[in-house]
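What follows is a single structure, written as structure tokens, with notes after it.
The values are calculated or read from the model by the stated rules, or taken from the named source; none is laboratory data. Bear in mind that the values here come from a model prediction, so they are computed numbers and not experimental data. As a convention, Cβ positions derive from the backbone with ideal geometry for all residues, glycine included, and neighbour counts pool all protein chains shown. Ligands, DNA and RNA are excluded from the accessible area calculation, which covers all protein heavy atoms including side chains. Shrake-Rupley method; radii C 1.70, N 1.55, O 1.52, S 1.80 Å.
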Amino acid sequence: MNDATRAGAVPVLMYHSIGGSDRLAVRPEAFAKQLAWLKERGYTPLPFGERTRPAVRPVVITFDDGYADFHEHALPVLDRYGFAATLFVTTGWLHDAGPHAAGAPPGRMLTWRQTAEVAATGVEIGAHGHGHAQLDQLGEEALREELRRSRGLLEERLGRPVRTMAYPYGYSSARVRREVRACGYTSACAVANAVMTGRHERFAVPRLTVRATTTLDGFERALEGRGYRADHVLTKGYAVVRRSRYAARRLRGVA
């Protein structure tokens with residue numbers, strides 16, 4: 001029996017750009033076919049913050065970073081099917097971040113006005129850090145600033161509470177998760193490429209990566225948590241590397 005058939009299992013899908021050109025960007029046509037597939041098979045999309053709500057064939061559809069093409073391409077398809085979704089926004093990357101700009105965005109990003117329009121449609125807005133930093137490599141003060149600033153800006157500009165977040169790059173640690181809780185978030189998601197079940201704690205919810213190369217057959221396998229063997233091996237190995245890297249930084253007094 002695979003994860004997707006276990007009681008309480010909920011696939012949490014992770015998208016990035018819809019229409020961009022990198023390896024994680026899904027073409028608008030492919031995205032529309034994937035959502036049509038979910039509709040035809042009776043899935044019930046839930047916001048990430050309501051992922052445990054009882055539903056027929058629940059699924060969660062999430063998007064990271066805050067690309068402008070979410071407003072252009074993803075939102076109309078979600079609206080067509082009446083699907084709930086969650087958008088995790090990197091506040092320092094928004095097109096008109098102004099004095100709050102942080103780093104170089106990976107592409108065309110949403111404006112604050114567009115983000116507010118997205119929120120007004122009922123899409124859940126969550127935080128994705130302020131500068132998309134590797135949170136597990138930050139010292140305590142910088143980590144708190146990254147977590148609090150993103151949530152504070154979103155709540156101030158959108159006029160609604162922000163309770164959920166996604167770890168940039170999927171990187172976290174026990175220390176990061178404790179600080180996320182202390183900052184007032186109620187849940188957070190990583191990547192992990194596994195189907196969420198009752199054994200996953202709410203500050204380390206796994207998601208399933210949807211890529212540019214994901215076919216409809218691959219999409220079905222993803223919903224069952226299959227087809228990610230290579231990702232799992234790399235993730236476990238890299239976790240060890242990252243813990244060692246942070247320990248070395250502390251010894252040098254950098255973190």
In terms of the ratio Rg/(2.2 N^0.38 Å) built on C-alpha atoms, what value belongs to the chain?
-> 0.97
Kindly write out, for region 209-218 in residue order, the coupling ³J(HN,Hα) from the Karplus curve 6.51 cos²θ - 1.76 cosθ + 1.60 (θ = phi - 60°), rounded to whole Hz, with x marking Gly and Pro.
-> 6, 9, 10, 4, 8, 6, 7, 5, 5, x
Scoring only Lys, Arg, Asp and Glu (+1, +1, -1, -1) among other residues with Cβ under 10 Å from the Cβ of Leu75 yields -3
The alpha-carbon center of region 47-113 and that of region 164-223 are separated, in whole Å, by 15 Å
How high is the FRET efficiency between Glu220 and Glu141 when r is their beta carbon distance and R₀ equals 41 Å, given to the nearest 0.05?
-> 0.35
Scan around Thr52 for amide H atoms under 5 Å from its own, H built in the peptide plane at 1.01 Å from N, and keep only partners 5 or more places away or cross-chain.
-> none
With Cβ to Cβ distances under 14 Å as the rule, what net charge do the other residues near Arg51 carry (K, R +1; D, E -1)?
-> +2
So, with a 1.4 angstrom probe, what is the percent of accessible area on the chain that is carbon and sulfur?
-> 52 percent
